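For reference, the structure discussed in these notes is given below.
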Amino acid sequence: MLLIHCPYCDETLPEAEFTYAGQAHVVRAQDPSSQDDGQWEDFLFMRENARGPHYERWRHFHGCGRFFNAVRDTVSDKFLTTYKAGDARPDLSSLLEGQE
Amino acid sequence: MSQYRVSGRGRVDTGKPVSFTFDGKRYTGAAGDTVASALLAHGVHLMGRSFKYHRPRGPVAAGSEEPNALIGTRRGPGRFEPNTRATVQELREGLEATSQNKYPSLKWDIGAVNDAAYMLFSAGFYYKTFMWPKNFWHKVYEPFIRAAAGLGVAPCEEDPDHYASRYLHCDVLIVGAGPSGLAAARAAAVDGLKVVLVDENAEAGGTLLSEPQATIDGQPAWDWLASELEALKAAGVKIMTRTTAIGYYHQNMIGLCERLTDHLTDVPADTPRERMWRVRAGQVVLAQGALEKPLVFHGNDRPGVMLAGSAQTFLNRYGVLVGKRPVVLTSHDSAWYAAFDLADAGAKVQAIVDLRDHVHVDLLTEAQRRGITAKLGYTASATSGRLRVSSIRVNPVKGGDVGTAERIECDAVLMSGGWTPSLHLFSHTKGTLAWDDDLTTFLPGKTPEDCVIAGASRGPWGIAAALNDGAEKGAAVAAALGKSASGKTFAVEADRTGSGITVKELPTDRSPGKAKAFVDYQNDVTAKDLRLAVREGMRSIEHVKRYTTNGMATDQGKMSNINGLNIASDALGKAQPKVGLTTFRPPYTPTSFGAFAGYHRGEHFEVTRKTQIDSWAEENGAVFEPVGQWRRAWYFPQAGEDMDAAVGRECRAVRETLGMFDASTLGKIEVVGPDAVEFMNRMYTNPWTKLALGRCRYGLLCGDDGYIRDDGVIGRLGQDLFHVTTTTGGAARVMNMMEDYLQTEWPDLNVWLTSTTEQWSTIALNGPNAAKLLAPLVEGIELTDEAFPHMSCLECTVAGMPARLFRVSFTGEIGFEVNVPAPMGRKLWEKLWEAGQQYGITAYGTETMHVLRAEKGYIIVGQDTDGTVTPYDAGMGWAVGKSKPDFVGKRGMARPDLVAEGRKQLVGLLTEDRSKLEEGAQIVFDADQPVPMKMVGHVTSAYHSDAVGQPIALALVEGGQGRMGETVHIPMPDRTIAATITSTVFVDPENTRLKI
Amino acid sequence: MTRFNAFTLLKNAVTGHKNWTEQWPDSQPKSEYDVIIVGAGGHGLGAAYYLASQHGITNVAVIDKGWLGGGNTGRNTTIIRSNYLYDESARLFDHAVDLWEGLSQELNYNVMYSRRGCLMLAHNVHDVQSFKRHIHANRLNGVDNRWLTTEECKDYCPPLNVSPNARYPVMGGALQERAGTARHDAVAWGYARGAAMRGVDIIQNCAVTAIRRNPDGSVAGVETEKGFIKAKKVAVSAAGHTSVVMQTAGVRLPLESYPLQALVSEPVKPIFPCVVMSNAVHAYISQSDKGELVIGSGTDQYTSYSQRGGLPLIEHTVAAITEVFPIFNRMRMLRKWGGIVDVTPDRSAILGKTPVEGLYVNCGWGTGGFKATPGAAHVFAWTIAKNEPHPINAPFTLDRFRTGRLIDEAAAAAVAH
């Protein structure tokens, strides 16, 4: 069971309180009807499936209920950081520096 | 006293005899014994049979790594478990132990014919044969192979015991209460740090329990141990024995299984048998010590052949001599001390046979002093003895040549191939292992977890080394937690440090190809099997393991992995790290299913959600059905009624007069805020802007892929307040989906969402008399079509209770849904029930609800739709707000395949023979085609319908909405049923019955 | 290479098993191949075998970053069945079952296909409706699957708890008698031996780092740890790692890789005669020919390549097993392990051509890849050899995620594979 830091509650809590919500920063177009089938396919289905640092969403389901973003290494399952929804995508190289 | 018990030795209490049975024969052991030590005290070594060859076996180890001495253990009805390690199971009065994998008896086992034909049963033999003739596999070979499977027999009764689980949070968790773990705990227990020390054994102490000769800081080892345990307790350290750290999970979560009752003669009432602890530790110290390696030679498996260190443990901890005339066979100094201890306890050690040409002179002196012959530079080439070793055949080895054999009579062979660090838990962390050429073993490398290794599992050897390393590591983890701590240095006398060499299978003067030199005892994997696997192209240890099953027995390779690796790497001519070590998997030792399941059994397996009205339904004879986590009243049979009769009666009551239904499980979400209407417009397919205050609308929710996800009636109770209802099963999903879009796609919208499912009890009243019943009870509104038309909603008072009243109908009759604060649900139900008697009010369940809605063509999401159905497919294009710029699903339902011709569309079906269709039955256009048939749809709902006068069905049919009146066919196993495609609305298409 | 039969086994037994030869050589890469298959699991090795045996294409290499059969082929619970709802899936999996039935003889390697039947338990009205839909569809597709009442379920699988008071009572079940299990390692080894015998190179411990393309966009070959290898065609069959490899060719896939856990009990004498799946409680169980109860768990909620799974999921899985089979409560778990499964949005595989000329992909099997092994490998080889899909895998295109023509077994039935 992972330990996850909720950036809203500012507490590190067990995974049982959270639900995973897929890749982060997948943008739903302002006007979906202007999207062609390929673009809509990308939005619906295409995912990085990164092996290594992965930008992803979690929800503090049994807590504050907020969705937030995280960078987690999918090889070690270690969280590099978590941040609030809407915050800019953090720079990976500076995150990795912090990891020795 | 038993024949092999040594008075004055061991920690068992011979003053407290404990009697037990083994294969029906009664024995007496001492308090503190294991089954193995108690049997050994009686000279019984033969405790089991091996898996493949059914060879007679006795314990080879004294601890949890034991692969041979597996027994069935029983304590009365329902309390039986197979494959219990006799070396772990503590004695309790009346314990019934039985041997396994033998027929008719342990001494005379017919399965042992396999042993004679062992050359046929080489590694992987089954991959090469049993293929001809083909049909023999299924009928002859496979049943034969399967019949030979397994060791013990499975339990066959329900387990009367219960199991517990707990969380535990600590600063430092130390696994292993041997010298390094004890020292680590002492060093870490500073400045309020919460330290937990666990050990799988019945008592703490580890190797100290087997080495009473040592003195630590001037105290005899056992005295030191006792005072140290007191000191640890005083320092607040939680010490847990009989507690196995089974697995190391993410971010320092460790699973511990604590065994609470299996060792007790009298079990206090309500004591759980085992307790699973989920520990979250700031820092973990793994102090699991090292495991002794067997030597691999022909006949190394006979009862009486045992690890030297284990023999020492049986003597020093249990006061049992495993033999009176043992031979010691070793490549490591440690076994010499075993020889000395046994000799000092009265055994006549026949010889110490060492594979090395030279050993330290002190060892030779000590041996000489005891009159023990030392044979250096010798190998062992065989043992003999059918059910117990009776002699060992040893040969001198000079320059690689194996000389003439000599036979030494003996009643035990104590062997040691050196020691290998126990790195199982470390390996669970995905920690890397580093090969150490000097020690010829893997040592811990890097781990992603906050974890350190202490003591012998890191390589150091001896009590002093373990204590000092433990203290250092304990201080280090305290420092890592920000506490200043320092490890002390211990003064140890009579310590037994030493070294040894690592060998592959022992050299022999006989054909190695015929040697039964076992590496994995339980699975009967020999050195030649490993070499055969390599010869056949298995080049990684993972392949070798899987091909030979080496390391896959219940000891999970604790005995066999490293010997297997050394032999495989020799056969491959490659260094060990190039061949690899198979990954250790949790659990560390086999762990009861019950301990994993914990409290989640029976009623507690999963929560059962019940409404406030559920108790009334139960009292009134309802039959229930599970819907998600809810249990819902399915129907209310009266005396003599079956389901069809009950449902028919309930349906008639609703259509003719009045029915009431507990709809409390419906999901309810309150959507509030200045942007609530915009949110609803974006979320649901329907338009909401023009929905007037106090009015309701049927809402349809899609995913962004364009398929229907959920539906429900939504009422506008305020300019910025929507009362949304969802399906019973979909409530949580819909809420999550709404939150997702609100928080992450449209954070600009000022909207609050609240799940109110359990805040309200919801009672649906349906039938021509619904308004008549309700009107007198409602304050603030007249229940007329003018004042409160169909699809209206209102906050008011019903029967004196604050209520949200909806005039909606899922039946086609005049209908109301009364929501009152949840705890008032049963009170309101009973009031309505009482008041409704004059109208013959009838309680109905979900089945009747389903029939009535199907008669009106109302869909059930998840039954009539299945995640591949668009609103248009379901015939609900009218619910799609086409002029809205966007809503969830709008773009998705415009994708090519979702607008293509020939999609499956929801229609009604009436069978020509007036039979009821089966839900799930498949539909074809051409009944005469051969299999495989072209299927064009399926029946989604089918019911008897009194109102229609014949059974009705809903179905998804290819292009169905353009095929009204056409005949389709439903091929059943015994016949084909013809049906006519109709509208989905079977009753009152003009909705005249909704009028008051 | 020695042909396997009782006679050679006996002959070798007499001579101390000294004369067996390696079942496949450990090849070093050549500079060029007609076809390179990335991933030496059952699917990849099987495709190589069928390329060589059925299409005469033998200048083939199967390349793996680790040891052959070391991925999901050797980590699954070996359930084989074909009672899928949709025509597309039913055809594919039934094709696989047809091949399973003769696979030992075909490969001259006993893969121990055990036709012990698979019983899927219905615990609520929705399950009953869904399973009956499957049964009817299967019957009209010629796939065996039939309904058992609660009592018939108990007769078929005596350890089953059919008490009406159970939290999840058994309301019946769907039985496919042709379903069963097989010895997973033997499948990889048998295909490897059969392929190698026909000239295929099996190159282990050689990670493919990128797929290289020609200026015209077509496939040029693969970059590996041992250098560049030229190839006319490249076929990727790398399960959970497929996304990463395909991205180097500029092909994005709708895949996510999740950890999946499984476990076995200590071995016991035969007690469990069939395969039982209970989707409602997430319990999948059979007994191996060694006597271990083999139990499948669900996937953890987050994507991961760590092959570590959480304790809570395992606790839930074991609780589900002991709920359905209470007599196993005192049995002990021997080991549990994790694999990485690649999951598509509709939980059906992607099997066929890609937008890149000469590049083929076979992925997205989720938790159901093992059962498909011979069928998938067979039609994948066809697709590679002929540069067009076999009719059976034609619907399993990458394109369907754009058009919406999904093969959504899970959505249709809420049935896990």
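Output the helices (runs of 4 or more DSSP H) that fall wholly within region B:552-599 and possess 3 or more residues being farther than 25 Å from C:Ser288 by Cβ, or say none.
Details: elements: B:561-572, B:576-579, B:593-597.
Fully inside region B:552-599 and qualifying: B:561-572, B:576-579.
Restricting B:Asp705, B:Asp644 to those that are more than 22 Å from B:Glu795 (Cβ to Cβ), touching a residue at least 60 places away in the same chain (Cβ under 8 Å) and surrounded by 22 or more Cβ atoms within 10 Å (Cβ to Cβ) reduces the list to B:Asp705.
Among the candidates A:Glu41, A:Glu48, which residue alone is within 12 Å of chain B (Cβ to nearest Cβ) and either out of contact with any Cys (no Cβ under 9 Å at 6 or more places or on another chain) or not in a helix (DSSP H, G or I) (or both)? Walk me through how you get there before you give the answer.
Details: A:Glu48 fails: within 12 Å of chain B (Cβ to nearest Cβ).
Residue meeting the stated conditions: A:Glu41.
When residues of region C:268-284 are filtered for being crowded, with 21+ Cβ neighbours inside 10 Å and without any contact (Cβ under 8 Å) to a residue 60 or more places away in the chain, how many remain? Of the residues in region C:268-284, 1 are crowded, with 21+ Cβ neighbours inside 10 Å and without any contact (Cβ under 8 Å) to a residue 60 or more places away in the chain. Is at least one residue of region C:403-414 open to solvent by 20 Å² or more (accessible area, probe 1.4 Å), under 23 Å from C:Gly41 (Cα atoms) and not in a strand (DSSP E or B)? No; the residues of region C:403-414 include none that is open to solvent by 20 Å² or more (accessible area, probe 1.4 Å), under 23 Å from C:Gly41 (Cα atoms) and not in a strand (DSSP E or B).
Identify the residue in region B:617-641 that is within 14 Å of chain C (Cβ to nearest Cβ) and outside any strand (DSSP E or B) and, among all such residues, is surrounded by the most Cβ atoms within 10 Å (Cβ to Cβ).
Pass one, region B:617-641, residues within 14 Å of chain C (Cβ to nearest Cβ): B:618, B:623-635.
Narrowing further to those that are outside any strand (DSSP E or B): B:618, B:628-629.
Working: B:Glu618: 13, B:Gly628: 16, B:Gln629: 14.
Checked region B:617-641; the qualifying residue surrounded by the most Cβ atoms within 10 Å (Cβ to Cβ) is B:Gly628.
Check B:Arg302, B:Arg393, B:Arg388, B:Arg407 and return the single one that is in a strand (DSSP E or B), open to solvent by 40 Å² or more (accessible area, probe 1.4 Å) and more than 24 Å from B:Gly206 (Cα to Cα). Please lay out each step first, then the result.
Details: B:Arg302 fails: in a strand (DSSP E or B); B:Arg393 fails: open to solvent by 40 Å² or more (accessible area, probe 1.4 Å); B:Arg388 fails: in a strand (DSSP E or B).
The conditions single out B:Arg407.
Inspect region B:379-390 for any residue being over 21 Å from B:Leu307 (Cα atoms) and outside the structural domain of B:Lys516 (by TED's automatic domain parsing) and give the result as yes or no. No, region B:379-390 contains no residue that is over 21 Å from B:Leu307 (Cα atoms) and outside the structural domain of B:Lys516 (by TED's automatic domain parsing).
Just the residues that are more than 20 Å from the chain's Cα centre (by Cα), within 27 Å of B:Ala553 (Cβ to Cβ) and more than 7 Å from every other protein chain (Cβ to nearest Cβ), please, taken from region C:271-291. Passing the criteria: C:Phe272, C:Pro273. Within region C:119-135, does at least one residue satisfy the condition of being in a loop (DSSP other than H, G, I, E, B), closer than 23 Å to B:Thr940 by Cβ, touching a strand residue (DSSP E or B) at 6+ places or on another chain (Cβ under 8 Å) and among the small types (Gly, Ala, Ser)? For region C:119-135, residues in a loop (DSSP other than H, G, I, E, B), closer than 23 Å to B:Thr940 by Cβ, touching a strand residue (DSSP E or B) at 6+ places or on another chain (Cβ under 8 Å) and among the small types (Gly, Ala, Ser): present.
Of the residues A:His62, A:His5, which single one is loosely packed, with under 13 Cβ neighbours inside 10 Å, more than 8 Å from chain B (Cβ to nearest Cβ) and not hydrophobic (A, V, I, L, M, F, W, C)?
On the way: A:His5 fails: loosely packed, with under 13 Cβ neighbours inside 10 Å.
Being loosely packed, with under 13 Cβ neighbours inside 10 Å, more than 8 Å from chain B (Cβ to nearest Cβ) and not hydrophobic (A, V, I, L, M, F, W, C) holds for just one of A:His62, A:His5, which is A:His62.
B:Glu536 is checked against (1) more than 8 Å from every other protein chain (Cβ to nearest Cβ); (2) open to solvent by less than 10 Å² (accessible area, probe 1.4 Å) and fails just one. What number does that condition carry? Result: B:Glu536 passes all but (1).
Within the group C:Leu351, C:Leu334, which residue is at the interface with chain B (Cβ under 7 Å from one of its Cβ atoms) and crowded, with 23+ Cβ neighbours inside 10 Å? Can you show your working first?
Working: C:Leu351 fails: at the interface with chain B (Cβ under 7 Å from one of its Cβ atoms).
Exactly one residue qualifies, and that residue is C:Leu334.
Being surrounded by fewer than 22 Cβ atoms within 10 Å (Cβ to Cβ) and assigned by TED's automatic domain parsing to the domain that holds B:Val285 narrows it down to one residue among B:Asp436, B:Asp401, B:Asp362; which is it?
Working: B:Asp401 fails: assigned by TED's automatic domain parsing to the domain that holds B:Val285; B:Asp362 fails: assigned by TED's automatic domain parsing to the domain that holds B:Val285.
Going through B:Asp436, B:Asp401, B:Asp362 in turn, the sole match is B:Asp436.
Among the residues of region C:228-241, those identified as away from chain A (no Cβ under 14 Å) and either assigned to a loop (DSSP other than H, G, I, E, B) or over 30 Å from C:Arg400 (Cα atoms) (or both) are C:Phe228, C:Ile229, C:Lys230, C:Ser237. When restricted to residues that are open to solvent by 60 Å² or more (accessible area, probe 1.4 Å) and more than 7 Å from chain B (Cβ to nearest Cβ), region C:16-31 contains 5. Counting the residues of region B:600-616 that are part of a loop (DSSP other than H, G, I, E, B), more than 13 Å from chain C (Cβ to nearest Cβ) and of a type in the set (Ser, Thr, Tyr) gives 1. Annotation: B:Asp555 fulfils all but one of (1) more than 30 Å from B:Trp760 (Cβ to Cβ); (2) surrounded by fewer than 22 Cβ atoms within 10 Å (Cβ to Cβ); (3) in contact (Cβ under 8 Å) with a residue 24 or more places away in the chain; the unmet one is (2).
Of the listed requirements (1) in a loop (DSSP other than H, G, I, E, B); (2) within 11 Å of chain C (Cβ to nearest Cβ); (3) crowded, with 19+ Cβ neighbours inside 10 Å, B:Lys934 misses just one: (3).
For every residue, the table says whether it meets (1) within 12 Å of chain B (Cβ to nearest Cβ); (2) at pLDDT 95 or above.
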site	(1), (2)
C:Asp144	yes, yes
C:Thr149	no, yes
C:Asp155	no, yes
C:Arg167	yes, no
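Of all residues in region C:242-270, those satisfying the criterion of being away from chain A (no Cβ under 12 Å) and within 22 Å of C:Pro312 (Cα to Cα) are C:Leu260, C:Gln261, C:Ala262, C:Leu263, C:Val264, C:Ser265, C:Glu266. Of the set (1) more than 26 Å from A:Asp36 (Cα to Cα); (2) in contact with a helix residue (DSSP H, G or I) (Cβ under 8 Å, 6 or more places away or on another chain); (3) modelled with pLDDT of 95 or more, all apply to B:Gln863 but (3).
State which residue is nearest to the other protein chains (Cβ to nearest Cβ) when the search covers only region A:8-38 and only residues that are assigned to a loop (DSSP other than H, G, I, E, B) and touching a Lys or Arg at 6+ places or on another chain (Cβ under 7 Å). Explain how you work it out, then say what you get.
First pass over region A:8-38, keeping only residues assigned to a loop (DSSP other than H, G, I, E, B): A:8-10, A:18, A:24-31, A:35-36.
Retained after the next criterion (residues that are touching a Lys or Arg at 6+ places or on another chain (Cβ under 7 Å)): A:8, A:18, A:24-25, A:35.
Working: A:Tyr8: 10, A:Phe18: 9, A:Ala24: 9, A:His25: 10, A:Gln35: 6 Å.
Applying the filter and picking the extreme gives A:Gln35.
Per-residue answers, yes or no, for (1) within 18 Å of B:Leu852 (Cβ to Cβ); (2) open to solvent by 10 Å² or more (accessible area, probe 1.4 Å); (3) aliphatic (A, V, I, L, M):
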| residue | (1), (2), (3) |
| --- | --- |
| B:Gly949 | yes, yes, no |
| B:Val957 | no, no, yes |
| B:Gln961 | no, yes, no |
| B:Val968 | no, no, yes |
| B:Met972 | no, yes, yes |
| B:Arg975 | no, yes, no |
| B:Thr980 | no, yes, no |
| B:Val987 | yes, yes, yes |
| B:Asn991 | yes, yes, no |
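Scan region B:907-930 for residues that are out of contact with any Lys or Arg (no Cβ under 8 Å at 6 or more places or on another chain) and free of Cβ contacts under 8 Å to residues at least 60 places away in the same chain and jot them down. Spell out the reasoning first.
To start, the set of residues in region B:907-930 that are out of contact with any Lys or Arg (no Cβ under 8 Å at 6 or more places or on another chain) comprises B:908-917, B:923, B:927-930.
Listed by number, the residues that qualify are B:Arg914, B:Lys916, B:Ile923, B:Ala927, B:Asp928, B:Gln929, B:Pro930.
Taking the numbered list (1) farther than 22 Å from C:Gln247 by Cα; (2) touching a Gly at 6+ places or on another chain (Cβ under 7 Å) in turn, C:Val341 passes all entries but (1). When restricted to residues that are under 45 Å from the mean Cα position of the chain (by Cα) and within 15 Å of B:Lys772 (Cα to Cα), region B:790-848 contains 2. Under the condition of being within 7 Å of chain B (Cβ to nearest Cβ) and not in a helix (DSSP H, G or I), which residue from region C:292-331 is modelled with the highest pLDDT? My answer is C:Met331.
The values are calculated or read from the model by the stated rules, or taken from the named source; none is laboratory data. Computed from a predicted model, the values in this text were never measured in an experiment. With ideal geometry, Cβ positions are generated from the backbone for all residues, glycine too; neighbour counts draw on all protein chains shown. These accessible areas exclude ligands, DNA and RNA; they are computed on the full protein's heavy atoms, side chains included. Shrake-Rupley method; radii C 1.70, N 1.55, O 1.52, S 1.80 Å.
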